[in-house]
Number of protein chains: 2
Amino acid sequence: MKGIKRLAQHLDISIGTVSRALNGKPDVNEETRKRVLDAAAKLGYAPNQAGRSLRRGTTNAIGFMIETNEETEANSDNFFLGVIAGLTGALLRHNLDLVVLPCSVNEDPHDYLQRIVARRLVDAVIISATQREDRRIDLLKAAHVPFIALGRTGGPDEHAWIDLDFEGVAHEAVARLVARGHKQIAVAIPDTDINLGYVFRDAFIDALARHGLTVDPSFIIRARSSEHGGYTIGNAILAMEDRPTAVVLVYEMMAIGLYRRLNEAGLTPGQDLAIVGFREGPQSQFLSPALTCFRMSLRDLGIGLAEGLLATMPDYADLYPAGPMHKLWPMELVEGESDGMVIDR
Amino acid sequence: MKGIKRLAQHLDISIGTVSRALNGKPDVNEETRKRVLDAAAKLGYAPNQAGRSLRRGTTNAIGFMIETNEETEANSDNFFLGVIAGLTGALLRHNLDLVVLPCSVNEDPHDYLQRIVARRLVDAVIISATQREDRRIDLLKAAHVPFIALGRTGGPDEHAWIDLDFEGVAHEAVARLVARGHKQIAVAIPDTDINLGYVFRDAFIDALARHGLTVDPSFIIRARSSEHGGYTIGNAILAMEDRPTAVVLVYEMMAIGLYRRLNEAGLTPGQDLAIVGFREGPQSQFLSPALTCFRMSLRDLGIGLAEGLLATMPDYADLYPAGPMHKLWPMELVEGESDGMVIDR
């Protein structure tokens with residue numbers, strides 16, 4: 001194992017150039033960078049603290065913390081893979097590598113991130129699955145680790161964040177259903193403390209209010225964010241004496257289980273119950289009738305997150321002068337047939 | 001930002017204890033570890049090279065390199081999330097964190113890994129999607145980075161690896177189909193240079209030979225490993241003058257597109273064409289007729305990979321005395337109705 005000095009000697013290149021090549025600086029030509037990386041790998045280079053400690057953060061790695069739980073395992077949710085593709089591309093502009101930090105459901109997210117931060121595995125972090133009260137925010141602020149959140153919290157949220165436009169989705173979904181005569185509209189939200197459940201519920205209630213409607217508390221259905229959760233939503237609705245005529249889902253995988261449960265009961269989505277799904281996923285096209293849902297580019301969201309994060313990092317902030325962002329990510333309606341029915345008024 | 005010495009002073013704990021706590025050694029009690037990690041995060045601790053360079057590899061991070069491409073993004077493949085869950089749990093026994101290293105399809109996997117190795121982001125690596133000739137193996141050997149491969153290569157493969165039992169699947173699938181009178185059996189494999197395509201093709205030909213059958217070269221169908229790939233397999237089969245009566249798929253998502261193409265042509269899986277899928281996935285249960293496929297525990301595979309990797313790491317090898325492994329991971333038949341038809345002999 002060699003330090004940077006011996007690596008420079010071996011290559012007959014200046015220490016400064018070797019350092020810039022290793023740290024992905026743009027002023028090193030591609031051929032030199034390849035030579036340096038090749039030699040570093042072959043000779044077993046170990047980063048020298050003298051270089052590392054000059055300023056905070058020189059791993060050139062950006063962490064993307066995701067939670068892995070029974071649901072993400074059993075499910076087939078392509079959300080993170082799509083976002084990762086966008087993130088990777090945008091970070092590579094600056095020779096930064098994305099590393100995904102999977103936090104198991106068995107571990108407290110705060111304690112997990114605390115260990116990652118203490119070990120200095122990454123220069124900056126993207127957190128996701130924000131909770132209503134999310135102690136990770138305070139941790140990252142106190143440790144002066146640049147970060148952006150995918151998702152709002154219940155707090156003031158002065159830090160950089162991007163979140164899906166749950167309000168826009170709730171308003172558009174409710175407006176469509178009301179226009180077709182629905183007054184008994186239910187909403188399905190996660191049964192966890194993830195903040196998006198609160199945001200979507202509040203947006204839904206607000207959307208109903210705009211049309212002079214109030215929500216029956218039993219129509220706010222909590223379920224797991226999974227196909228199975230959708231099945232239990234079906235159970236809940238079928239068990240009601242006074243059933244809703246429509247339901248708005250906050251998670252696309254729920255639609256699959258809900259369709260299945262309705263089919264088992266001899267009911268047809270879009271005829272016996274209007275359904276508006278959430279994000280258009282690869283499954284949507286295989287559902288019959290086609291699911292009314294909302295489209296977004298996961299890759300663009302990844303690029304947006306990367307740029308928002310870079311704006312918070314001292315070394316890159318100049319290149320992203322718009323600065324730390326607070327952004328609601330728009331989603332575009334995809335009309336299907338799952339909410340086609342019209343209710344007699 | 002503090003070094004380890006100032007961190008120890010602040011906590012009034014010995015430098016050795018702080019170091020062991022930061023490096024996840026088991027001989028530090030939980031309360032002390034929490035105090036140390038808490039202080040390291042709050043005070044902005046930076047690892048001291050004096051400690052880091054004592055021996056190779058003290059990031060306490062294990063890398064899991066996966067390839068992200070158009071297919072993994074557009075698809076809904078839960079394979080990696082399941083494996084990650086198993087890996088994370090097994091590595092946490094030793095206070096090691098898993099970081100996922102997503103290599104974009106736009107980058108050469110060897111060059112990507114070379115950069116990761118040069119930057120010493122991780123202590124050891126799990127590689128996946130092994131190619132027939134995989135230069136990453138030589139790179140990791142030359143750099144003395146402990147590793148295990150998920151997947152064989154076309155080479156001698158003396159290093160540690162775990163691969164799915166493609167041979168077992170091919171033999172069981174062919175035996176089932178032959179027992180039902182099929183002689184015209186096709187196989188679908190990826191259209192890339194990933195090694196599993198070669199392994200599965202060879203196992204398939206070998207399985208046919210055991211029953212005295214030979215393969216029609218046009219029955220070896222190459223397609224993308226995706227739902228869309230399954231659709232093109234359907235196109236290919238429908239265009240044949242002398243069609244196969246059965247097809248064995250190497251990727252479960254292919255079944256979805258193939259079902260769709262057959263349905264569009266007015267044909268029924270399991271009646272007009274026998275289909276044996278590959279791995280049982282969340283989608284399988286939503287296919288009608290139910291897909292005959294093979295079951296495995298992704299979590300157990302993740303645990304197996306972690307243990308196989310730990311056996312190659314000097315610090316942990318003693319705890320995993322079985323040593324580096326070469327293992328074919330078994331898969332268990334799940335009988336569906338997609339291969340129910342019997343051919344008149």
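Some notes on this structure:
- Of the residues making up segment B:161-191, those that are surrounded by fewer than 23 Cβ atoms within 10 Å (Cβ to Cβ), part of a helix (DSSP H, G or I) and of a type in the set (A, V, I, L, M) are B:A175, B:V178, B:A179.
- Of all the listed residues (A:R243, A:R224, A:R261), the sole one being within 24 Å of the chain's Cα centre (by Cα), basic (K, R) and farther than 19 Å from A:F294 by Cβ is A:R224.
- Taken over segment A:206-253, the residue count meeting the criterion of being touching a residue at least 40 places away in the same chain (Cβ under 8 Å), of a type in the set (D, E) and surrounded by fewer than 22 Cβ atoms within 10 Å (Cβ to Cβ) is 1.
- A:G257 falls short on exactly one of the conditions (1) touching a residue at least 12 places away in the same chain (Cβ under 8 Å); (2) farther than 25 Å from A:F204 by Cα, and that condition is (2).
- Applying the criterion of being touching a strand residue (DSSP E or B) at 6+ places or on another chain (Cβ under 8 Å) and within 7 Å of chain B (Cβ to nearest Cβ) to the residues of segment A:97-115, the residue that is surrounded by the most Cβ atoms within 10 Å (Cβ to Cβ) is A:L98.
- Considering residues of segment A:116-149 that are among the small types (G, A, S) and within 13 Å of another protein chain (Cβ to nearest Cβ) only, the residue surrounded by the most Cβ atoms within 10 Å (Cβ to Cβ): A:A118
- Take the conditions (1) out of contact with any Gly (no Cβ under 7 Å at 6 or more places or on another chain); (2) part of a strand (DSSP E or B); A:M313 misses just one of them, which is (2).
- If you filter segment A:273-296 down to residues that are assigned to a loop (DSSP other than H, G, I, E, B) and in contact (Cβ under 8 Å) with a residue 60 or more places away in the chain, you find that the one that is farthest from the other protein chains (Cβ to nearest Cβ) is A:M296.
- Residues of segment B:316-336 that are part of a loop (DSSP other than H, G, I, E, B) and within 15 Å of the chain's Cα centre (by Cα): B:P330, B:M331.
- Test: residue in segment B:287-302 that is closer than 25 Å to B:H144 by Cα and either in the same structural domain as B:A90 (by TED's automatic domain parsing) or of a type in the set (V, I, T) (or both): yes
- Any hit, segment B:305-328, residues being out of contact with any strand residue (DSSP E or B) (no Cβ under 6 Å at 6 or more places or on another chain), buried (at least 16 other Cβ atoms within 10 Å of the Cβ) and within 14 Å of chain A (Cβ to nearest Cβ): yes
- Residue count for segment A:125-180, restricted to those that are of a type outside the set (D, E) and farther than 18 Å from A:F200 by Cα: 20.
The values are calculated or read from the model by the stated rules, or taken from the named source; none is laboratory data. Predicted model only: the values in this text are computed from it and were never measured. Quick reminder, even Gly has a Cβ in these numbers, built from the backbone with ideal geometry, and neighbours come from all protein chains shown.
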